[in-house]
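The values are calculated or read from the model by the stated rules, or taken from the named source; none is laboratory data. Because the structure is a prediction, the values reported are computed rather than measured. Please note: Cβ atoms are built from the backbone with ideal geometry, for glycine as well, and neighbour counts cover all protein chains shown.
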Amino acid sequence: MKTIVGTWRGTCAMIRANAGTSPGANTQMGHIPVEYARKMITVLLAVVIAIGMISCGSQEESSQTASPDAAAANSAGTIVDAATAGSVKGLVKLEGTAPRMRTMNMNAVPNCAKQHSAPAMQEDVVVGDNNELQNVVVYLQGDFSQYSFEMPTTPTQIEQKGCVYIPHVVAVRAGAPVQFLSSDDTTHNIHPVPRNNREWNESQASRGAPIEQSFAREEVAIPVKCNLHPWMRVYVAVLNHPYFQVTDEDGSFELRNVPPGTYTLAAWHEYYGSKTQQITVNPKQEQSLVITMAR
């Protein structure tokens with residue numbers, strides 16, 4: 001920008017310096033030679049266009065890099081007082097009968113199919129012996145902007161093994177690293193399809209180097225697919241605070257070190273959708289509850 005402004009000023013100075021220097025009334029425009037004036041006008045128009053492009057580019061870059069959710073945990077905020085913090089734990093259970101699990105059809109890709117001794121199953125609904133529901137993202141909704149939380153530096157890893165994403169659902173902090181690994185003897189294509197984050201699409205060669213990315217804004221949850229293997233899917237939930245957990249095979253969750261206050265406890269599942277309820281965490285309280293989900 002400084003270079004362009006300097007060019008503008010230099011051009012103006014040259015016009016003033018050359019005013020009235022060319023002879024002949026028929027070739028002058030006022031006191032400035034016509035040919036010289038034309039050249040200067042061309043230069044000035046180029047400068048104006050360049051300034052406009054830089055301005056637009058700066059605005060676009062600002063909109064792409066702005067990540068208010070990633071910065072929501074104020075780095076200058078206070079640390080949660082562990083002496084007064086409480087916790088929320090419990091179970092997520094399915095109400096009713098789970099749908100029948102479907103198989104993944106890998107017949108078109110022998111390199112994938114041969115890695116499974118039995119047909120691989122879809123993981124959209126996975127339940128335990130007592131209807132405990134797996135792969136549910138349980139998290140708090142509330143204002144945590146006054147607190148400071150340490151940002152994870154170790155990447156959350158998602159492996160592609162047997163042409164399946166493992167695990168099927170993960171939850172991460174906004175701005176924290178997410179690493180995609182592959183132990184397969186086939187090429188994969190990692191393609192998140194977000195609503196509130198940047199979409200990207202990157203190929204990964206057979207047993208290729210890890211691909212590391214991050215998601216700047218809160219979103220529950222981002223589906224990630226593989227364009228080469230349509231049955232592959234993983235969900236990435238992105239939160240701007242550390243109060244979240246994905247339920248495992250026993251359907252349990254525990255949110256620790258929660259500052260006292262009133263919050264919305266939310267549960268998200270890819271098949272059963274979202275469910276919320278209001279809770280109040282009192283100082284040093286250990287709250288226990290059961291969340292039931294149905295369709």
| remark: Those residues of segment 106-130 that are surrounded by 11 or more Cβ atoms within 10 Å (Cβ to Cβ) and either basic (Lys, Arg) or in contact with a helix residue (DSSP H, G or I) (Cβ under 9 Å, 6 or more places away or on another chain) (or both) come to a total of 4
| Condition check for residue 270: closer than 20 Å to residue 194 by Cβ and in contact (Cβ under 8 Å) with a residue 40 or more places away in the chain | yes
| Cross-chain or 6+ apart pairs with Cβ under 8 Å, segment 81-108 first and under 30 Å from residue 262 (Cβ atoms), then of a type in the set (Lys, Arg) and not in a loop (DSSP other than H, G, I, E, B) | 85/256; 87/256
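The rows are residues; the columns are (1) within 29 Å of residue 91 (Cβ to Cβ); (2) at pLDDT 95 or above.
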| site | (1), (2) |
| --- | --- |
| 208 | no, no |
| 226 | no, yes |
| 230 | no, no |
| 240 | yes, yes |
| 251 | yes, yes |
| 261 | yes, yes |
| 264 | yes, yes |
| 284 | yes, yes |
| Inside segment 209-226, can you point out the residues that are of a type outside the set (Asp, Glu) and not in a strand (DSSP E or B)? | 209, 210, 215, 216, 217
| segment 187-207, subset β-branched (Val, Ile, Thr) and surrounded by fewer than 19 Cβ atoms within 10 Å (Cβ to Cβ), residue nearest to residue 144 (Cα to Cα) | 193
| task | Within segment 244-264, identify whether any single residue is under 30 Å from residue 161 (Cα atoms), among the hydroxyl-bearing types (Ser, Thr, Tyr) and buried (at least 19 other Cβ atoms within 10 Å of the Cβ), and answer yes or no. | result | yes
